[in-house]
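Student: Dropping a structure here in structure tokens format, bear with me for questions.
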Amino acid sequence: MKVRSRRLACVRGFALMFITLAGSLTLFVLTVLSLVLMLLGLGVLTTPAMVRAVRWHANRRRLLAAEWSGVQIRLPYRPLPADRRSGLTGQVELCTQLLKDPATWRDLLWLLVDMTAGCVTAALACVFIPYGVEGWVLAAGVWEPIVDAGGTYWYAFVPVTSQGTANLAALTGVGFFVFGLFTSPVLLRTHFQLTRAFLAPTPAMALTARVERLTETRHDAVDTSAAELRRIERDLHDGAQARLVAMGMSLGTIEALIEKDPAKAKELLAAARTNSAEALAELRDLVRGIHPPVLAERGLGDAVRALALRMPLPVEVEVELDGRFEEPVEAAAYFAVSEILTNAAKHSGAARMWLDIHHEAGMLRIAVTDNGDGGARVARGGGLSGIERRLGTFDGVLAVSSPPGGPTMVTMEIPCTPTAPRPTV
């Protein structure tokens, strides 16, 4: 780690010390006061606002933890229902839901820890380097007016009474400075790890959230499967089935005309052959939509490469996979990539797209990027929302980064492990 970044850790510790004292202390006092006002009924109006303020403060600390020390702290909060009632009744319901969330009380406990132990760790991260500089300042001649005004000045364990002892203080300051360079980043990270211990979801909270998510996505998967079956039934009824019925009627007519009017029978036979070819093509398209043959035979990597070749825009594909995955996982990943590429080609205004698929640490990671106009988002009932539900069935996640003007990056992660090694050619 460079010296500059170590000094920067000292400055950040100094900033955190004031944030913990001013922000956490103030929010803790005001939140407790609001909870006490619940006894008078006034807290129903003030508590939701205070909980939101505490969560904003906690989320800022999560952001600083990731940016300053690389400590990732996940959100533990339960989602609030979107169809809350308005007025006082809705306010009471909101207050009740917030207070029933265990994360609300853990945030309050974190405020108490943050303004005590958190403040201490932040102060320790910033104190040693400035204290080392003080030793050099004393040796530069500042010791003399201080000693004349108040007698012996103790710098750590060194009694400064003369230039010689001031020089010894400067040497001691070098030790404090070097010690601070090495310990400031560690103490800063310790501060954020202490924060994570209280702000991250507990195993029980994470399990509850996962069960709720899987329950929701299971219902979505059932609804999606039912809709897919209805689509297949409709396509069969309106397409291949109608052509086969027409072909059967044509064959009956041919049977009646084959002796009386061979020329007409030959004409109808050619039409029946054309109908049979079109019905076969429709059945192949339908089967390909259910599970592409290349996906079943060659796996996800070759399937997405073939998919990219059919796109109207050029797509650069990079695939690094150790082998095959379970069939439902490969199908979910394939159709998710297919929908994202198709939507980007139609709506993004992009001239080029990039697709990266790799597997590491038990996670299948897919990133689709385009150089279009941006502005994509996950909206209820939209294509990305459907992909999110599809991935949620496998405990997967989807993230979208699409600022106005682009570029757009859609990232997907599915926890899975290879079930078969990659075939060798």
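The values are calculated or read from the model by the stated rules, or taken from the named source; none is laboratory data. The model shown is predicted, which means the values in this text are computed figures rather than measured ones. All Cβ positions, glycine included, derive from the backbone under ideal geometry; neighbour counts span all protein chains shown.
Student: Name every residue in the range 159-200 that is of a type in the set (A, V, I, L, M) and in contact with a strand residue (DSSP E or B) (Cβ under 8 Å, 6 or more places away or on another chain), in order of residue number.
Tutor: Val160, Ala166, Leu168, Ala169
Student: Before we move on, is Leu111 surrounded by fewer than 15 Cβ atoms within 10 Å (Cβ to Cβ) and either in contact (Cβ under 8 Å) with a residue 12 or more places away in the chain or in contact with a Phe, Trp or Tyr (Cβ under 9 Å, 6 or more places away or on another chain) (or both)?
Tutor: Working: surrounded by fewer than 15 Cβ atoms within 10 Å (Cβ to Cβ): no; either in contact (Cβ under 8 Å) with a residue 12 or more places away in the chain or in contact with a Phe, Trp or Tyr (Cβ under 9 Å, 6 or more places away or on another chain) (or both): yes.
No: the conditions fail for Leu111.
Student: Could you tell me whether the range 40-62 includes any residue that is touching a Phe, Trp or Tyr at 6+ places or on another chain (Cβ under 9 Å), of a type in the set (Gly, Ala, Ser), modelled with pLDDT of 85 or more and surrounded by 12 or more Cβ atoms within 10 Å (Cβ to Cβ)?
Tutor: yes
Student: Consider Ser401 carefully, then state whether it is of a type in the set (Ser, Thr, Tyr), touching a strand residue (DSSP E or B) at 6+ places or on another chain (Cβ under 6 Å) and either surrounded by fewer than 20 Cβ atoms within 10 Å (Cβ to Cβ) or closer than 14 Å to Phe335 by Cβ (or both).
Tutor: Yes: the conditions hold for Ser401.
Student: Tell me yes or no: at least one residue of the range 409-422 is buried (at least 16 other Cβ atoms within 10 Å of the Cβ) and among the basic types (Lys, Arg).
Tutor: no
Student: Let me confirm something: among Ala361, Ala351, Ala345, which residue is loosely packed, with under 14 Cβ neighbours inside 10 Å and over 21 Å from the mean Cα position of the chain (by Cα)?
Tutor: Just a single option satisfies the conditions, and that option is Ala351.
Student: List the residue pairs whose Cβ atoms are under 8 Å apart, where the first residue sits in the range 363-380 and is of a type in the set (S, T, N, Q), the second is surrounded by fewer than 15 Cβ atoms within 10 Å (Cβ to Cβ), and the two are 6 or more positions apart or on different chains.
Tutor: Pairs that qualify, where the first residue is of a type in the set (S, T, N, Q) and the partner is surrounded by fewer than 15 Cβ atoms within 10 Å (Cβ to Cβ), are Asn371/Ala351; Asn371/Arg352.
Student: I'd like to verify a number: residues in the range 35-48 that are in a helix (DSSP H, G or I) and over 26 Å from Arg196 (Cβ atoms), how many?
Tutor: Matching residues across the range 35-48 total 9.
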